[in-house]
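Here is the structure we will look at, set down as structure tokens.
No value in this document is a laboratory result; all are computed from the given coordinates. Only a predicted model underlies this, so the values are computations on that prediction, with no experimental measurement involved. Every residue, glycine as well, gets a Cβ built from its backbone with ideal geometry; the counts of neighbours run over all protein chains shown.
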Amino acid sequence: MKNSTSFNSTLNKFGIGLFETIKVKNGEVKDLDLHMDRMFKSISELDLSINIRCEDIDLENENIKSEDRSSLQYLICMRSFLEQKILEYIKQEQIVNKALRLTIFDDGYNISVRDIPYDESSYKRGFRLNISPIKRGDSIIYRHKTTNYFESIYTKNYANKKGFDDGIFLDLNGMVLECSMSNIFFIRGNTIYTPKSDLPILNGTMKQKVLNICNDTSIDLREDVIKLEELDKFDFVFITNSLMELMRVTEIDGIFYNRKNYLFDKILDCLY
């Protein structure tokens, strides 16, 4: 595990890197495959060079040249190596219920843990959201979990200072995108709506699980355009990420929502 980076690292200079936040529950890693799938898809799509030492991955045994760090075979070896290191770290440090972060960057990788910030009281009261002052343009970067996270941190801090739990990003045309650290879903009648996956949003691992559950159970879920002025037309709202999993939303900037919904409960039952 690399605990420091050089000043010349592009992580330190420009915030260039990727990370995944993974839930460890009762000592077991949740959805590791989904997280690693997303991370390595981003490595390829963003053409990132990750400098994990040759001796760590044992390239010679894999017949990979040290300079060929973009080959599929190298990426497969690196993924296997990182997955092994995560499992070793959890065992050695006796991690039980924590949020584990894997960060990769030009100098290598880092594994760290922190407390999960959601407790029973969070789920009991639900979340209150406001609208972020930041309006997003259309950039491919938003579709990846990069270490350049300032917009999200600013949005969450802005919401917290005003008494809310988180903020919602809109695009330049007033379309709902996502929260600073979660995807968002809206329910009206018998239908669930969520912003389209091709918008400038990070499609989370828990969002994918919700989509799969809805498909498997024939729940009507539509990926659609949701406008700011439509927020008062919905009955129920919830947000998702890998740590909180599913969280009901009780308010968005003075618009209040039901605290119970049978579709939400059905998804919860399938998830657990």
Quiz item: Where does helix 32-46 land angle-wise versus the long Cα axis of the chain, in degrees 0 to 90, nearest 10?
Solution: 80 degrees
Quiz item: Where the Cα atoms of the stretch 120-271 are projected onto their three principal axes, how long is each span, largest first, in whole Å?
Solution: 36, 31, 29
Quiz prompt | Using θ = phi - 60° and Karplus 6.51 cos²θ - 1.76 cosθ + 1.60, couplings along the stretch 228-241 (whole Hz; Gly, Pro as x) | solution = 3, 6, 8, 4, 7, 9, 9, 8, 8, 9, 9, 10, 9, 7
Quiz prompt | Amide H contacts under 5 Å for S132, placed H, 5+ residues apart | solution = I168, F169, L170
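Using the beta-carbon distance between K233 and C270 and R0 = 22 Å, what value does 1/(1 + (r/R0)^6) give for FRET efficiency, to the nearest 0.05?
Numbers: r = 26 Å, r/R0 = 1.19.
That gives a FRET efficiency of 0.25.
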Self-check item: Degrees, to the nearest 10: 205-216 long Cα axis against longest axis of the chain
Solution: 60 degrees
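Determine the sum of side-chain charges near L172: Lys and Arg each +1, Asp and Glu each -1, restricted to other residues whose C-beta is under 11 angstrom from that of L172.
Values: positive: K135, R136; negative: D138, D171.
Overall, the nearby charge balance is 0.
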Quiz item: In terms of modelled amide H atoms, which long-range or inter-chain residues lie less than 5 Å from the amide H of G108?
Solution: N51
Quiz item: Taking 0.36 nm per residue of separation and subtracting the Cα-Cα distance, what length does fully extending E45 through N157 add?
Solution: 37.3 nm
Quiz prompt | Angle in degrees between helix 150-161 and the longest Cα principal axis of the chain, rounded to the nearest 10 | solution = 40 degrees
Self-check item: Fluctuation leader among L34, L199, L172 - the chain, Gaussian network, Cα springs under 10 angstrom
Solution: L172
Quiz item: Taking the highest mean first, how do the peptides 221-232, 111-122 order by number of other beta carbon atoms within 10 angstrom per residue?
Solution: 221-232, 111-122
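Taking square-rooted eigenvalues a ≥ b ≥ c of the alpha carbon gyration tensor, is the chain rounded, prolate or oblate, where a/c under 1.5 means rounded and, failing that, a/b exceeding b/c means prolate?
On the way: a/c = 1.93, a/b = 1.71, b/c = 1.13.
It comes out prolate by the Cα gyration axes.
Which entries of K85/K266; K25/K162; K13/K145; K13/K207; K98/K135; K25/K233 show an alpha-carbon separation above 29 angstrom in the structure shown? Mind showing how you got there, number by number?
On the way: K85/K266 36 Å; K25/K162 32 Å; K13/K145 18 Å; K13/K207 32 Å; K98/K135 32 Å; K25/K233 36 Å.
Violating the 29 Å Cα-Cα cut-off are K85/K266; K25/K162; K13/K207; K98/K135; K25/K233.
Take every DSSP beta bridge with both residues inside the chain and express the antiparallel ones as a percent of the total, to the nearest 5. Please list the in-between numbers first.
On the way: 36 of 49 bridges.
For the chain, the DSSP antiparallel bridge percentage is about 75.
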Self-check item: Least to most buried among Y89, Y109, Y149, Y262 (fewest other Cβ within 10 Å first)
Solution: Y262, Y149, Y89, Y109
Quiz item: Which value at 222 nm does the chain reach when only helices count, each DSSP H run of 4 or more adding -39,500 (n - 2.57), with the total divided by all residues and rounded to the nearest 500 deg cm²/dmol?
Solution: -9500 deg cm²/dmol
Exercise. Please report the relative contact order for the stretch 97-228, taking Cα pairs under 8 Å with a sequence separation of at least 6, and give it as a percent rounded to a whole number.
Key: 20 percent
